[in-house]
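Written out below as structure tokens is the structure these notes cover.
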Amino acid sequence: MKKYLVPITAILAVLLLSASSCATSQPFSNSGARRLQFTGDSITQQAAPDINAHYGSTYDVGIYAFSMADTSLMGPAIAAEAALAPQIEIINLGGMDSGYVQGGVRTLADVTGGFDAFASEFPASTCLIFVNLDTRALPAAAQAINDHLSGNPALFPRVVDWNGAWQAGYFPSPGDAHPNETGRQAMIALEDAAIATCP
């Protein structure tokens, strides 16, 4: 048995390192600046350095994002963020959910109900911004989620139209939903425009 101890330990270390590289948990620093919280899946997680570079000197930035995140997994985190009442909250979720809807694992009502719950949890003092979905990979389910966001302005008054902004040059390859550096900067510009409409 002892001869397997080192290889198993090494494997576990690699797995833990891989898992940590696919997640960002950055709490507020309590600097006194306005609080800007980003919550999302791997798209937000990969953009964390860009988010910090762009907003870090102006806002107290919080980021909670991880690969494979969906609306059901993020429920407790969103509730905790709502309790902190940040001035601005940007939620970029739904990619995994659209796959689950398309595959029959979850219903569209489950997913849209999750978004509705997120929107209703935050106080009126929080400027809540949602980012819609790129519909290329799963057009039916992703479009249905996008339609729910755009069709309910009372709950979702600010929706960043990432799908409408799509350009091939924003992605490293046609099948990749994760934007490259150009795409991440384009998404941040769209988020800037939405933030500019906040009180």
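Taken together, the values in this text are just the output of simple stated rules run on the coordinates, not laboratory data. Since we're looking at a predicted model, the values are computed, not measured. Every residue, glycine among them, receives a Cβ derived from its backbone with ideal geometry; neighbour counts consider all protein chains shown.
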Practice prompt. Let me have the relative contact order for the chain, percent, based on Cα pairs under 8 Å that are six or more residues apart.
Written response: 18
Practice prompt. Would you mind checking the tilt of helix 139-150 against the longest principal axis of the Cα atoms of the chain, expressed as 0 to 90 degrees and rounded to 10?
Written response: 50
Discussion item. Quick check on the chain: helices-only [θ] at 222 nm, where DSSP H runs of length 4 and up contribute -39,500 (n - 2.57) each and the sum goes over total residues. Nearest 500, please.
Written reply: -15000 deg cm²/dmol
Worksheet, complete the sentence: Expected unfolding gain across S31-D176 under the 0.36 nm per residue rule, minus the alpha-carbon gap, is 48.6 nm
Response to the item:
Restricted to segment 24-195, the DSSP antiparallel beta bridge percent, nearest 5, is 15
Practice prompt. Mind sorting out which of (i) 17.7, 63; (ii) 17.2, 56; (iii) 17.4, 53 is the real Rg and Dmax of the Cα atoms in Å computed from the coordinates?
Written response: (i)
Worksheet item: Using the per-residue mean of other Cβ atoms lying within 10 Å as a proxy for protection, in what order, highest first, do the peptides 118-128, 88-98 fall?
Response: 88-98, 118-128
Worksheet item: Summing +1 for each Lys or Arg and -1 for each Asp or Glu, what net charge is found among the other residues whose Cβ lies under 12 Å from the Cβ of G113?
Response: -2
Fill in: Helix axis angle, 71-84 relative to the chain longest principal axis, alpha carbon, degrees
60
Worksheet entry | Degrees separating the helix 42-55 axis from the principal Cα axis of the chain, which is the longest one | 70
Worksheet item: Once segment 16-99 is represented by equal point scatterers at the alpha-carbon sites, with solvent omitted, what log10 I(q)/I(0) does the Debye formula produce at q = 0.16, 0.24, 0.25 Å⁻¹?
Response: -0.58, -1.20, -1.26
